[in-house]
Structure formats: structure tokens, C-alpha cells
Amino acid sequence: MILRHLRDGRVVALLLVVALAVVVLLNQFAPTRSAYSATVRNDTNTAATAPYFTCTGAVGADTANALFAYRLTESTNAKTATDWSGRGVNGTYQGAMTAVMPDPNACPRDTGSAYVLNGSTSYVSTSRSYANPTTFSEEVWFKTTVAGGQLIGFGSSQTGGSGQHDRKLYLNTSGQLVFGTYNGTTQVVTSPKVYTDGTWHHVVTTMSPTNGMRLYVDGTLVASNATYKTPESYTGWFRIGYDTIGGWPGSPANAYFTGSMRYAAVYGTELSATQVAAHAAAGR
């Protein structure tokens with residue numbers, strides 16, 4: 001009886017050892033429910049660093065070719081729009097001048113306010129005239145909910161309405177952007193989209209004897225015509241926010257722009273698509 005009990009105990013012990021070994025083996029090879037690994041691939045998208053962090057840096061990189069560059073960040077009731085291109089072509093605030101700190105602001109990493117144009121008296125004119133610029137680029141950040149009004153243009157008068165006027169960028173009565181020149185006939189290119197949504201937009205127009213007229217919005221070419229290469233020949237001033245636009249396609253009754261602006265500049269060269277895209281990216 002004693003031997004039988006011993007043998008039975010050894011058998012039980014042996015079975016327990018075998019069972020424990022099986023449990024250990026199962027734990028080693030059983031799939032886990034608490035973790036997993038995976039590899040994610042994306043063969044099309046890439047990450048990159050914007051070439052400029054601020055609009056000051058982006059525009060500043062090209063001021064060697066600027067006729068003037070205005071930040072439009074002066075305080076309310078200021079009379080002078082300071083030219084920071086280095087050429088000393090300060091602009092003059094005409095009519096009411098109001099500065100605000102909108103949220104969001106265009107070029108949010110740049111300090112300073114935005115210029116608010118009241119749609120009836122507000123605009124900026126250059127302090128000097130230019131004789132027949134044939135290659136140029138015009139640039140401005142703007143925000144509006146009102147269709148109509150000139151953003152930038154070239155006119156034969158420094159103030160008031162000009163008798164001769166072209167090289168102009170304006171909003172038509174539908175809220176589309178129109179870039180127009182004149183040389184015996186009216187020549188325009190028009191954006192397909194409307195830009196009176198109350199958000200900030202960056203716009204650049206370029207003209208040259210090589211590529212004709214181009215219109216960029218928010219860093220992208222939206223309209224062009226390579227056959228329109230020559231603007232009207234006369235001496236004039238650049239005007240920001242107002243000048244004569246009567247008679248131009250889709251022109252509104254009110255030629256004054258209503259809304260906000262920042263960073264207006266005109267260059268004596270044709271900005272490239274790469275430069276335009278870099279300027280737009282710096283303001284986002």
C-alpha cells in the first residue's frame with residue numbers, strides 16, 4: 001500500500017511537471033493580443049521646409065528688383081506708407097487711414113497691423129512717377145466681402161481719377177479678380193473663382209514682352225494670355241486701393257476697394273512662379 005501510494009505520488013508529480021512544461025511552451029508560441037507592429041508607406045507625398053518663414057523675409061529676398069515695397073502696417077491716421085525696399089519711394093495714405101489687428105491676420109508671423117480701406121476715400125499713391133514700365137509685377141495681400149474696387153493700378157494722375165489708366169488689378173461686380181492692360185484695345189485676364197469670401201488672399205500680376213500677362217492667386221497661376229505683351233505708353237504713378245476703372249470689363253460703379261490689405265509691392269521684373277509661390281507660402 002505504501003509503495004502504491006509512492007508510485008501514485010510520483011506519477012502525479014510527473015504529470016504536473018509535464019503540464020507546466022506544456023503551459024510554458026504555449027505561452028512562448030501563442031500570439032499576443034496586447035501589441036502589434038506595422039509599416040506605413042506613402043510613396044507620393046513628401047515633407048519640405050518653406051523657403052521663407054515671414055512675408056518680410058519672402059518679399060525682402062526680392063527687393064533688389066522692387067520699385068517699392070509697403071508693409072502697410074502703419075498706425076491709424078498715418079500719412080506715410082514707408083518704403084522698405086531701400087529706394088525711398090514712400091507712399092502717401094490718401095483719405096481715411098485706419099489700422100486694425102485682425103485675427104487671423106495675413107502674414108501672421110510678421111508683426112504689425114493691417115490697413116483697412118473704407119471704400120470711399122482710402123488709397124495709397126506713390127511719391128514718384130514712372131515712365132512706361134513694360135516689365136513689372138504687382139503684389140498685395142487682401143481681404144474683402146465686397147465685390148468691386150481697384151487693388152493696384154497705374155494711372156496718369158497721382159491723386160483723384162486718372163485719365164490714362166491700365167496695368168490694373170481689380171475686383172469685378174462678380175467678385176472675380178481681373179488683371180487689365182490697354183494698348184489701343186482693352187486686354188484682360190480674369191480669375192475663374194470669386195474672392196469675396198472674407199478671408200486673406202495673396203495676388204500677383206506679372207507682365208513682360210516674353211510671357212505676356214499672368215495672374216496668380218494664393219501662389220497658383222489662375223489666368224494668363226501670352227499674346228498680350230505691351231501696355232500703354234505713358235508716365236504715371238502706381239495707386240493702391242483706388243483709381244479709375246470705369247469702362248473696364250465688369251467694372252463696378254465704385255472704384256474704391258473696401259476691405260483690408262497688407263504687403264503691397266511692385267517690381268521692375270517678372271516674378272517667377274517659384275518666387276510667387278514662396279511669397280504666398282510665407283503668409284500662411
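The values are calculated or read from the model by the stated rules, or taken from the named source; none is laboratory data. Here the structure is a predicted model, which is why all the values come from computation and not from measurement. Cβ atoms come from the backbone with ideal geometry, glycine included; neighbour counts cover every protein chain shown. Each accessible area value is taken on the protein alone, full model and side chains, heavy atoms only, with ligands, DNA and RNA left out. Shrake-Rupley method; radii C 1.70, N 1.55, O 1.52, S 1.80 Å.
If you go through the stretch 48-86 and keep only what is touching a residue at least 12 places away in the same chain (Cβ under 8 Å), among the polar types (S, T, N, Q) and over 18 Å from Leu271 (Cβ atoms), you end up with Thr73, Ser75, Thr76, Asn77, Thr80, Thr82. Does any residue of the stretch 117-129 turn out to be assigned to a strand (DSSP E or B), modelled with pLDDT of 95 or more and open to solvent by 10 Å² or more (accessible area, probe 1.4 Å)? Yes, the conditions are met somewhere in the stretch 117-129. Of all residues in the stretch 148-162, those that are in a loop (DSSP other than H, G, I, E, B) and either free of Cβ contacts under 8 Å to residues at least 60 places away in the same chain or under 19 Å from the mean Cα position of the chain (by Cα) (or both) total 1. The single condition among (1) touching an Asp or Glu at 6+ places or on another chain (Cβ under 9 Å); (2) more than 19 Å from Asp243 (Cα to Cα); (3) aromatic (Phe, Trp, Tyr) that Tyr228 does not meet is (1). All but one of (1) touching a residue at least 12 places away in the same chain (Cβ under 8 Å); (2) surrounded by fewer than 24 Cβ atoms within 10 Å (Cβ to Cβ); (3) not β-branched (Val, Ile, Thr) hold for Glu138, so report the exception by its number. Condition not satisfied by Glu138: (2).
Taking the stated definitions as given, is Ser272 surrounded by fewer than 22 Cβ atoms within 10 Å (Cβ to Cβ) and free of Cβ contacts under 8 Å to residues at least 24 places away in the same chain? Criteria met by Ser272. With respect to the conditions (1) surrounded by fewer than 23 Cβ atoms within 10 Å (Cβ to Cβ); (2) in contact with a Leu (Cβ under 7 Å, 6 or more places away or on another chain); (3) not basic (Lys, Arg), Thr73 lacks only one, and its number is (2).
Of a type outside the set (A, V, I, L, M, F, W, C), more than 24 Å from Asp197 (Cβ to Cβ) and either without any contact (Cβ under 8 Å) to a residue 40 or more places away in the chain or crowded, with 18+ Cβ neighbours inside 10 Å (or both) - does that describe any residue in the stretch 211-224? Yes, the stretch 211-224 has at least one match.
The single residue among Pro102, Pro133 that is assigned to a loop (DSSP other than H, G, I, E, B) and within 21 Å of the chain's Cα centre (by Cα) turns out to be Pro102. Does Ala64 satisfy being outside any loop (DSSP other than H, G, I, E, B) and open to solvent by 40 Å² or more (accessible area, probe 1.4 Å)? Taking the combined requirement at face value, the residue satisfies it.
Yes/no per residue for (1) in a strand (DSSP E or B); (2) hydrophobic (A, V, I, L, M, F, W, C); (3) buried (at least 23 other Cβ atoms within 10 Å of the Cβ):
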| residue | (1), (2), (3) |
| --- | --- |
| Asp197 | no, no, no |
| Glu232 | no, no, no |
| Asp243 | no, no, yes |
| Ala277 | no, yes, no |
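For the criterion of being out of contact with any Cys (no Cβ under 7 Å at 6 or more places or on another chain), open to solvent by 60 Å² or more (accessible area, probe 1.4 Å), touching a residue at least 24 places away in the same chain (Cβ under 8 Å) and under 23 Å from Gly155 (Cα atoms), Thr185 fails.
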